[in-house]
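Here's the structure we're looking at; comments come further down.
The values are calculated or read from the model by the stated rules, or taken from the named source; none is laboratory data. Model, not experiment: these values are computed from the prediction. A quick note on method: Cβ atoms are made from the backbone with ideal geometry, for glycine too, and the neighbour counts reach across all protein chains shown. Surface areas here come from the heavy atoms of the whole protein model, side chains and all, with no ligands, DNA or RNA. Shrake-Rupley method; radii C 1.70, N 1.55, O 1.52, S 1.80 Å.
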Amino acid sequence: DIDYNTTMNKFWAWYEKHYTLNLSVAAGLFFLQLIHLYWLTTHVVIHKLVGVSLWDPTSVLQYLLIVVDYTEIPAIITTSLVYINELRKGFKFKPLLYLLFLDIQLLHIFWITDEFVLEQFTQRAETILPLWLAWIAIMIDYLELPVIFETVAKALKEIRNKLRLY
C-alpha cells in the first residue's frame with residue numbers, strides 16, 4: 001500500500017534538492033521548441049499570409065523538426081513541474097497563467113495537429129474542420145513563447161547563482 005502524501009513529499013524533496021538540474025532540463029527541452037516556432041512562422045504562417053515561404057526545410061532539416069516535435073511533451077511535463085512547484089510554495093497568478101499556457105499545448109498536440117494546420121493552409125487535403133481552427137492552433141503554439149523565455153531566464157539565473165557559491 002503506497003501512501004500518496006509520502007510519495008509526493010519524497011518527490012518534491014528530490015525535485016528541490018536537484019532544482020537546478022530539473023530547471024535546466026526543462027529550459028533546454030523547451031528552448032528547442034523555438035525551432036518548431038521558427039518553422040511555423042517562416043514556412044506556414046508567412047506563406048499563408050503573403051504566399052511565400054521564407055524557409056522550406058530540406059529533408060534532413062525536416063527530420064530535425066520531427067525530433068524537436070517529439071521533445072514537446074517532455075518539455076511541457078518538465079516545465080509544468082517548474083510552475084507547479086512554484087504554486088506549491090504559495091499562490092501567484094503568473095505561474096498559474098504560465099501553467100495554463102503550457103498545458104493548453106496538450107490540447108493542440110492531441111487535437112489540432114501541425115498536419116491539420118498544414119492541410120488547411122496548403123489545401124493539400126480535405127478536412128471537415130474549419131480554417132479558423134488552424135489559426136487557433138497557431139495562437140496556442142505561440143503561447144509557449146513567454147514561458148520559454150521565462151524558464152530559460154530562471155535556469156540561467158539559477159546556474160549563475162550556483163556558480164557563485166563555488
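Residues in the chain average 62 Å² of solvent-accessible surface per residue, probe 1.4 Å, ligands and nucleic acids excluded. Phi angles across the stretch 146-151 convert, under the Karplus curve 6.51 cos²θ - 1.76 cosθ + 1.60 with θ = phi - 60°, into 3J(HN,Hα) values of x, 6, 4, 4, 5, 5 Hz, Gly and Pro given as x. Taking only protein heavy atoms and a 1.4 Å probe, the accessible area of the chain is 68% carbon and sulfur.
Can you give me the relative contact order of the chain as a percent, contacts being Cα pairs under 8 Å and 6 or more apart? Mind dumping the intermediate values first?
Working: 124 pairs, mean separation 46.6, N = 166.
The normalised contact order for the chain reaches 28 percent.
Using a simple spin-label model with pseudo-atoms 7 Å out from Cα toward Cβ, L145 and W14 lie 3.7 nm apart. Label sites at L96 and Y38, each approximated as a point 7 angstrom past Cα along Cα to Cβ, lie 3.6 nm apart.
Which entries in the list K48/K92; K48/K94; K94/K162 go over 29 Å, if you measure between the two C-alpha atoms of each? Checking Cα-Cα distances, K48/K92; K48/K94 exceed 29 Å. Couplings 3J(HN,Hα) for the stretch 27-35, derived from phi with the Karplus relation 6.51 cos²θ - 1.76 cosθ + 1.60 (θ = phi - 60°), are 5, x, 5, 6, 4, 4, 5, 4, 4 Hz, where x marks Gly and Pro.
Within the stretch 17-113, report the trypsin sites (Lys or Arg not before Pro) that DSSP leaves as loop and that have at most 14 other Cβ atoms within 10 Å.
Within the stretch 17-113, the qualifying trypsin sites (Lys or Arg not before Pro) (loop, at most 14 other Cβ atoms within 10 Å) are K89, K92.
Which of rounded, prolate, oblate describes the chain, given a ≥ b ≥ c as roots of the alpha-carbon gyration tensor eigenvalues and a/c under 1.5 marking rounded, otherwise prolate only if a/b is larger than b/c? Here the chain falls in the prolate category.
The relative contact order of the stretch 1-92, computed from alpha carbon pairs under 8 Å that lie at least 6 residues apart in sequence, is 36 percent. Placing one identical point scatterer on every Cα of the stretch 57-106 and ignoring solvent, what is log10 I(q)/I(0) from the Debye formula at q = 0.13 Å⁻¹? Log10 of I(q)/I(0), two decimals: -0.41.
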